[in-house]
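Since the structure comes first, as structure tokens, the remarks are kept for the end.
The values are calculated or read from the model by the stated rules, or taken from the named source; none is laboratory data. Note that the coordinates shown come from a computational prediction; the quantities given were computed from them, not determined experimentally. Cβ coordinates were reconstructed from backbone atoms using ideal geometry, including for glycine residues, and neighbour counts include every protein chain displayed.
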Amino acid sequence: MANPPLQDEEVVSIDDTANEVGGVVDISPSDKARLTMAYLVLAGVAILLVLSWASLMFIPDNRQVQAQAFFDFVRAFGPPLITLVLGYYFRDSQS
């Protein structure tokens, strides 16, 4: 059984469809600034965590106490800072 021929109203213009594809809406400058700030804060905390872990692993034994203090500091302030940044960004983006 063959398909019935297309009627005029069923024809889709490829040009119209191509213009609709990829119609991405840019985010506002204030949202872009907040996202950039959140990215930089989270990346900074991640770098501090990696540096503190590396200092514990590779530092000489006579500096181990200072490395442990740095790691404890980053471990204590990192998660609250991350939750503050994420909470601020996602709380305002929901409304």
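Here is a yes/no grid of residues against (1) surrounded by 14 or more Cβ atoms within 10 Å (Cβ to Cβ); (2) at pLDDT 85 or above; (3) hydroxyl-bearing (S, T, Y); (4) touching a Pro at 6+ places or on another chain (Cβ under 7 Å):
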position: V50; (1), (2), (3), (4): no, yes, no, no
position: I59; (1), (2), (3), (4): yes, yes, no, no
position: N62; (1), (2), (3), (4): no, yes, no, no
position: A67; (1), (2), (3), (4): yes, yes, no, no
position: P80; (1), (2), (3), (4): no, yes, no, no
position: G87; (1), (2), (3), (4): no, no, no, no
position: S93; (1), (2), (3), (4): no, no, yes, no
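Say whether the condition of being in contact (Cβ under 8 Å) with a residue 24 or more places away in the chain, within 22 Å of R91 (Cβ to Cβ) and not aromatic (F, W, Y) is met by at least one residue in the stretch 45-55. Full working, then the answer.
Within the stretch 45-55, the first condition is being in contact (Cβ under 8 Å) with a residue 24 or more places away in the chain, and the residues that meet it are 45, 48-49.
Narrowing further to those that are within 22 Å of R91 (Cβ to Cβ): 45.
Imposing the further condition that a residue be not aromatic (F, W, Y) reduces the set to 45.
Taking every residue of the stretch 45-55 in turn, at least one turns out to be in contact (Cβ under 8 Å) with a residue 24 or more places away in the chain, within 22 Å of R91 (Cβ to Cβ) and not aromatic (F, W, Y).
Do you know which residues across the stretch 69-78 are among the aliphatic types (A, V, I, L, M) and surrounded by 12 or more Cβ atoms within 10 Å (Cβ to Cβ)? Give the derivation first.
Applying the first criterion (among the aliphatic types (A, V, I, L, M)) to the stretch 69-78 yields 69, 74, 76.
The answer is V74, and nothing else.
Give the stretch 47-95 a look and list any residue that's of a type in the set (A, V, I, L, M, F, W, C) and within 26 Å of S30 (Cα to Cα), or say none.
Initial filter on the stretch 47-95 (of a type in the set (A, V, I, L, M, F, W, C)): 47-51, 53-54, 56-59, 65, 67, 69-71, 73-74, 76-77, 81-82, 84-86, 90.
Matches in the stretch 47-95: I47, L81, I82, L84, V85, L86, F90.
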